[in-house]
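The values are calculated or read from the model by the stated rules, or taken from the named source; none is laboratory data. Keep in mind the model is a prediction, meaning the values are calculated, not measured. Cβ sites come from the backbone with ideal geometry, for glycine too, and all protein chains shown count toward neighbours. Each accessible area value is taken on the protein alone, full model and side chains, heavy atoms only, with ligands, DNA and RNA left out. Shrake-Rupley method; radii C 1.70, N 1.55, O 1.52, S 1.80 Å.
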Amino acid sequence: MNCVDIREKNNCCGCGACADICPKSCIKMQPDADGFLYPTVDGDLCALCGKCKSVCPILGADAVKNAGDDAVAYAYVASNDEFVRFGSSGGAFSLIMDAFSGIGGEFAIIGAVMEGTEVRHTVFRDRKVADALRKSKYVQSHTTGIFRKVAQLLKKNTRVLFSGTPCQVAALKRYLGHDDMNLLTVDIVCHGVPNQTLFDEYVKELEIQHKAKVVSAEFRYKRDFDKEKPNPRALKLSFDDGSCINYTMAESEFLYAYYTGLLYRPSCEACRFACPSRPGDVTLGDYWGIEKIHPELNSLRGVSLIHFNTEKSIFLIPYFEESGTFLKTDWNFACAENNQLTSPAVPHRNRDKF
């Protein structure tokens with residue numbers, strides 16, 4: 001077939017690039033019985049042009065990977081305490097947004113935002129409001145239309161900073177079909193994605209229990225930030241009656257199911273991007289285990305792992321050097337302490353039953 005044909009669910013990451021590229025708008029992203037989005041094709045409208053297959057990041061995974069310097073990874077902690085407190089790790093992404101927007105000229109910063117309890121990719125043209133992009137979101141984001149928007153911005157010579165999971169970054173590069181010097185991409189070290197439907201069901205249960213509506217959710221909430229070892233595996237939920245609840249992994253069914261691999265999309269267990277060669281210009285993650293070689297750092301409080309994958313990203317190094325603790329470390333050590341840099345997520349043995 002010359003159009004998307006998903007026979008094995010682990011061969012689709014749900015990026016939506018095929019729907020964005022379709023000239024006939026005959027591809028729609030629809031949830032399956034488990035709530036994960038997959039493309040469905042209206043055969044009556046399909047022109048069999050093959051564009052949907054040409055942008056698929058699964059089919060073209062190897063074509064968008066960058067090797068980078070496979071000997072060096074960096075540990076970073078921003079001197080700006082706010083960057084660390086309100087980021088998931090050491091504040092690296094906040095610094096990248098500052099550096100990118102500070103160059104001058106027209107720019108856009110694009111990434112996943114938590115709008116209430118829904119996660120979607122959003123375009124920001126003002127650095128002051130782009131802080132909503134900080135923090136991990138343990139729900140797969142809606143990307144409908146986002147690749148088309150990036151292409152339109154680049155055609156207008158607008159510089160674009162795009163962040164997302166590796167498959168989303170790969171999908172963007174496949175969609176564009178070329179490397180644009182006005183585009184800087186950041187891929188995160190992703191452990192797997194649940195879907196919006198599952199999270200919505202979880203929220204509904206909590207709303208019934210608390211007799212109030214959840215108005216916002218914040219994953220990786222650093223609720224004990226002022227103590228020596230804050231808990232990074234926390235979820236803060238705010239209700240419309242003014243109350244807030246902070247859950248640890250042990251207290252939240254959703255967090256427990258996420259961290260144990262019960263909720264991941266089928267493609268996550270066969271991820272083509274869980275390897276040292278990455279699709280982004282920069283790779284960001286948590287630097288777990290950094291205390292073993294730098295005991296003065298505390299990964300529970302927040303330390304960023306940074307890997308520069310392309311020459312385009314090297315301009316960021318002086319910004320990191322001037323704005324916090326920036327330490328060169330061994331890339332193999334970083335990979336050993338961060339499993340998804342070498343292999344896909346392992347689903348829970350009862351995932352299908354769940």
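Quick notes
- Near pairs, Cβ below 7 angstrom, 6+ apart or cross-chain, from segment 199-219 (within 25 Å of R134 (Cα to Cα)) to any residue that is open to solvent by less than 50 Å² (accessible area, probe 1.4 Å) and in a helix (DSSP H, G or I): F199/F254; Y202/F254; K213/E207; V214/V203; V214/L206; V214/E207
- Test: residue in segment 1-22 that is open to solvent by 20 Å² or more (accessible area, probe 1.4 Å), closer than 16 Å to T165 by Cβ and touching a strand residue (DSSP E or B) at 6+ places or on another chain (Cβ under 6 Å): no
- Flag if H191 is under 24 Å from I314 (Cβ atoms), open to solvent by 20 Å² or more (accessible area, probe 1.4 Å) and not polar (S, T, N, Q): no
- Figure legend. Inter-residue proximity from segment 28-39: first residues of a type in the set (F, W, Y), second residues assigned to a loop (DSSP other than H, G, I, E, B), beta-carbon distance below 7 Å, spacing 6+ or different chains. Indicated pairs: F36/G14; F36/N195; F36/R265; Y38/I6; Y38/C12; Y38/G14; Y38/D32.
- Taken together, the residues in segment 279-307 that are outside any loop (DSSP other than H, G, I, E, B) and touching a helix residue (DSSP H, G or I) at 6+ places or on another chain (Cβ under 6 Å) amount to 5.
- Count - residues of segment 316-349 that are modelled with pLDDT under 95 and out of contact with any Leu (no Cβ under 7 Å at 6 or more places or on another chain): 16
- Residues in segment 38-66 that are open to solvent by 50 Å² or more (accessible area, probe 1.4 Å) and either in contact with a His (Cβ under 9 Å, 6 or more places away or on another chain) or among the polar types (S, T, N, Q) (or both): 2 in all.
- When residues in segment 295-345 are screened for being aliphatic (A, V, I, L, M) and within 18 Å of the chain's Cα centre (by Cα), 5 of them pass.
- Residues satisfying the stated conditions in segment 166-186, i.e. polar (S, T, N, Q) and either assigned to a loop (DSSP other than H, G, I, E, B) or at positive phi (or both): N182
- Residue check: V150 meets all listed conditions (1) over 26 Å from V214 (Cβ atoms); (2) of a type outside the set (D, E, K, R); (3) open to solvent by 40 Å² or more (accessible area, probe 1.4 Å) but one, namely (3).
- Selection status of E82, farther than 19 Å from L284 by Cβ and either out of contact with any His (no Cβ under 9 Å at 6 or more places or on another chain) or surrounded by fewer than 17 Cβ atoms within 10 Å (Cβ to Cβ) (or both): no
- No other residue among L176, L183, L154 is in contact with an Asp or Glu (Cβ under 7 Å, 6 or more places away or on another chain), over 30 Å from F254 (Cα atoms) and at pLDDT 95 or above apart from L154.
- Number of residues in segment 223-261 that are touching a helix residue (DSSP H, G or I) at 6+ places or on another chain (Cβ under 6 Å), surrounded by 17 or more Cβ atoms within 10 Å (Cβ to Cβ) and either part of a loop (DSSP other than H, G, I, E, B) or of a type in the set (K, R) (or both) equals 1.
- Residue count for segment 91-124, restricted to those that are in contact with a helix residue (DSSP H, G or I) (Cβ under 6 Å, 6 or more places away or on another chain) and either surrounded by fewer than 16 Cβ atoms within 10 Å (Cβ to Cβ) or in a loop (DSSP other than H, G, I, E, B) (or both): 2
- Residue list for segment 40-61, restricted to those being part of a helix (DSSP H, G or I) and in contact (Cβ under 8 Å) with a residue 40 or more places away in the chain: C52, K53, S54, A61
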